[in-house]
Amino acid sequence: MTVCSGQPISIVLLFALVSLLPAWADDPFDEILGRAVEALDESYDNWQFRGEETVDSTTFTINYAASISTDGQRRLDRVLILHADPDRDRQVTRKEAIRFLEIQLGMRWITGDRLRRDDGQVIDFAEFIRTDANQDNEISRSEFIDNGWNSSTANEDFDDLDSNADERITLDEFSKPDGPYLRNPNAMFDAADTDQNQRLSHQELINSIPKERQYLIASNLVAFDKDGDGSLSIDEFCISMLGTFNGSWENVPKDENRDQKLSFNEFKFDSRNLFGLQRRYYFHRLDANGDQSLSVDEFAFRKHKVHSLYRVSMNGEDSRELYRHNDFPFVGSPDVSPDGQWILFEGTPAEGTNRSQILVMRSNGEDVRDVCDGLMPSWSADGSQFACSRYEGGSSVWIMNMDGTANRRIDDGWAATWSPDGKSIAYTNDNSIRIYDVQTGQKRTLLAKGTHPYHYIFWNMSWSPDSRRIVFKGKLDSRHEIAIVHLGEPPHLRRRFATKEDMASDLAWSPDGRHIFFSMHSRPHLHNLIYQLALESNDPPNVVPEANTSMPWSHIEISPDNQFMVLSTSGPKTE
């Protein structure tokens, strides 16, 4: 029997009630779960008295999503359906609904494993999902080695955790008793409480919380200090973000829409947006004025900086800003014309890439004008046209005239790049690289899906000066890789350099064909720098010091005469 559709759970009321509870004797999340179950039963007409009845899984998850959103809108989320309906019968029993709430509160994972133990220990689930690169809920040896903290003993550590020696670490194995991935918030509290007054002061928290999470201290001290004494008790600490470990809290959220505040949708710490009810609880506690958003005074988030284009001489002696405009807070994908006199580039407004414009300016930064909507422009050999990517008719690649009119639509796909000899345009389509013959209009697949090791081939590929090779960035399980495909018959793939560091997708070929330039994160500098990779050796890349190392650089292009580079930056690094 199916119960009525019900109403969204009153999450804000639930959180208000939880904040009035007395000090917790056991796991504080048990109290939140209890209140959530009460709200669940009430929303479905006293469901606790009709335990045999079910709710349609789509209806249930839409109601849940509406209950934790700040606008109350009903949205379909197929991942939530999978989490709420593990037996895939399209119905949610009350038992499954409670299990779903446990998952959403970060108390349990979809495998059934409990993330919070009766003895007070909690699994460092943020570390598990960071290591599980392919998201199959198990960690392979290669994932563990690629993402492990201690690479020198990674194989031994893997064998120690892999109790059944099947070359896979499950969540249960990952959280073995006395293992390195169990955390004890109570023990952490005692160790941090150096004056033994059963309270953690701001300074004691600074002394005990890892540096990458210290930005949480000020906001959590305010949000979870129920008695207003300027410190955290054991219960306040254990329920705060400082005492939980299933969120990658070190990934500071960003103000994506540049409105100087953080919405709940922006209050995210990894790409999967897990544990929505727990995140909503934290968002509610941090939102001191109740306006359904977080100011920088309520929570320290990353502001979106306005990017600009710089021209830097190859000898580093001349560096100057060419373009910056608030209408386009992100600019990138510069391409210098064959005669070196003009630069095409993309400008993206706050609304997102579907509103991006292609602009052109002289190489000294003068005479800037809009050309057309689109992304990633690439000059033709004679400078009279350009190829680009557009959203018109779906993701597609085009040849455009310099007055902004369309010459022709090439194909479905992305990342159109025109060869220096003017004969071909390379682009991606369904994780393959295709080649378009400009004269005949024929298309062929150069590197087919399934014939290469990459989960994803990125945009902003680059042709070699002789138009015989293409360099691109590919995504492996836990690394990015620079690879070069030769246009022979058959095509030959050379895998040149792989890294776990963040690497931009822009790749630029030196005019002599001997080096690749790209942007990659530098740990000593804590931001992206320009690197140079020699193609005639297997040596690792070197930093290009001529591009000021105090600046964070992303997109890059080299002028055809090798006199200057055009770089995109968010400006000097600021804390």
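Read-outs throughout are calculated quantities, based only on the coordinates presented, and are distinct from any laboratory measurement. Quick caveat, the model's predicted, so the values are computed rather than measured. FYI the Cβ positions are ideal-geometry reconstructions off the backbone, even for glycines, and counts take in every protein chain you see.
Which shape class applies to segment 470-515: rounded if a/c is under 1.5, otherwise prolate when a/b exceeds b/c and oblate if not, where a ≥ b ≥ c are the square roots of the Cα gyration tensor eigenvalues?
Numbers: a/c = 2.65, a/b = 1.33, b/c = 1.99.
Taking the square roots of the gyration eigenvalues as a ≥ b ≥ c, segment 470-515 is oblate.
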Would you report the distance distribution of C-alpha pairs in segment 432-483 as whole percents per 10 angstrom bin, up to the bin with the largest distance?
21, 52, 23, 4, 0
Checking the cross-link filter: which lysines have an alpha carbon closer than 26 Å to that of K261, excluding same-chain neighbours under 8 positions apart?
K211, K226, K303, K305, K573
Give the relative contact order (percent, whole number) for segment 308-569; include only Cα pairs under 8 Å separated by 6+ residues.
15 percent
Surface/4 of the Cα convex hull for segment 85-235, nm²:
11.9 nm²
Karplus (6.51, -1.76, 1.60) ³J(HN,Hα), θ = phi - 60°, over segment 126-131, in Hz, Gly and Pro reported as x
4, 5, 5, 6, 5, 7
So what's the gap between the Cα centers of segment 500-533 and segment 171-224, to the nearest angstrom?
37 Å
Local net charge near G374, Cβ-Cβ under 10 Å (Lys/Arg +1, Asp/Glu -1):
-2
Ratio Rg/Rh, restricted to the chain and using Cα atoms, in which Rh is the Kirkwood radius
1.01
Could you sort 530-536, 130-136 so that the peptide with the highest average Cβ count within 10 Å comes first and the rest follow in order?
530-536, 130-136
Please list, or write none, the lysines whose alpha carbon is within less than 21 Å of the alpha carbon of K473, excluding same-chain residues fewer than 8 places away.
K449, K500
At q = 0.12, 0.17 1/Å the base-10 log of I(q)/I(0) from the Debye formula over the alpha-carbon atoms of segment 308-569 is -0.66, -1.45
Per q in 0.12, 0.19 Å⁻¹, report the Debye log10 I(q)/I(0) for segment 203-281, using one uniform scatterer on each alpha carbon and no solvent.
-0.37, -0.90
Subtracting the Cα-Cα distance of N265 and R75 from 0.36 nm times their residue separation yields 67.1 nm
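What order do you get for 334-345, 234-245 when each peptide is scored by the mean count of other beta carbon atoms within 10 Å, highest first?
Result, highest mean first: 234-245, 334-345.
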Using the Cα centre of the chain as origin and beta-carbon charges of +1 (Lys, Arg) and -1 (Asp, Glu), tell me which of L216, L105, A534 is placed farthest towards the positive end of the dipole.
A534
Given charges of +1 on the Cβ of Lys and Arg and -1 on the Cβ of Asp and Glu, with all other atoms neutral, how large is the dipole of segment 103-193 about its Cα centre, in debye to the nearest 20?
420 debye
Neighbourhood charge, 9 Å Cβ-Cβ cut-off, centred on K303 and excluding it, Lys, Arg +1 and Asp, Glu -1:
+3
Dipole magnitude of the chain about its Cα centre (Cβ charges: Lys, Arg +1; Asp, Glu -1), debye to nearest 20
1720 debye
